[in-house]
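Note sheet for the following structure.
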Amino acid sequence: MHVITPSCTLRDWIPGDAGSLARHANNPCIAVMMRDVFPSLEDAHRFISMATGPTPNLFLAIDVKGEAVGGIGIHPLDDVKRRSAEIGYWLSESLLGKGIMTDAVGSLVPFAFERYDIVRLQAGVFSSNPASMRVLEKCGFTREAVHRDAITKNGALLDEVMYVHFG
Ligand SMILES: CC(C)(COP(=O)(O)OP(=O)(O)OC[C@H]1O[C@@H](n2cnc3c(N)ncnc32)[C@H](O)[C@@H]1OP(=O)(O)O)[C@@H](O)C(=O)NCCC(=O)NCCS
């Protein structure tokens, strides 16, 4: 898959991305905003083989000038939540504030609704992450709910702010 946006290209991960994935992702400033399964230096290779293997999820690299500098993905839910999916993303600290994630999320939303039989696309943002909330608002998501004390991250309790897009 290949999605070209004004500031970046969204493309499949390839084994050769392991070095740049480890370099850009292994950053506590990013990890603090992410779920604990976020890839560290040690598991960049494992992440890429999972992302490129058989999976219901969609995992794409955010490519700027030929280098994988971030990631974005769609995770379809199952059972009674099967018509919902989650979107998740991260970007190298060196490239923040250039509109890259707004381009990436805004471009992936229509693909998510085309590819999956979903009626809602959601993102659970930690309450400590206003930049991510702003990205979602710029991409047409609405703030739906606050799940109080839903997140335990690095020993602290945080609210999870749920954003949703209905396609
Ligand atoms: C959140 C993140 C994805 C933003 O990526 P980005 O490419 O810098 O985002 P953009 O440049 O497209 O837009 C950022 C917006 O947030 C705003 N912003 C940045 N810091 C902010 C803050 N502390 N408070 C409020 N708004 C803020 C910017 O001004 C911009 O809005 P604007 O265009 O209206 O001025 C990036 O910081 C990141 O990867 N963080 C770590 C991982 C993460 O948080 N993932 C999301 C988990 S839900």
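Here is how the numbers come out for the structure above:
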{"item": "Highest-MSF residue in the chain out of S107, S84, S94 [GNM, Cα springs under 10 Å]", "result": "S94"}
{"item": "Residue-averaged 222 nm ellipticity for the chain, from DSSP H runs of 4+ at -39500 (n - 2.57), nearest 500", "result": "-8000 deg cm²/dmol"}
{"item": "L77 long-range amide H proximity, modeled H, under 5 Å", "result": "S84, A85, E86"}
{"item": "20 °C / 1.002 mPa s Stokes-Einstein diffusion coefficient of segment 32-146, Kirkwood radius on C-alpha pairs, µm²/s", "result": "142"}
{"item": "For segment 50-116, size of Cβ-based charge dipole, Lys and Arg +1, Asp and Glu -1, in debye", "result": "140"}
{"item": "Centroid-to-centroid separation of segment 148-167 and segment 84-112 [C-alpha atoms, Å]", "result": "18"}
{"item": "Environment charge of S49, counting only residues whose C-beta is closer than 12 Å and scoring Lys/Arg +1, Asp/Glu -1", "result": "-1"}
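Quick note: the coordinates plus some simple rules give every number you see, no bench work behind them. Predicted model only: the values in this text are computed from it and were never measured. Because the Cβ atoms are built from the backbone with ideal geometry, glycine has one as well, and the counts that use them run over all protein chains shown.
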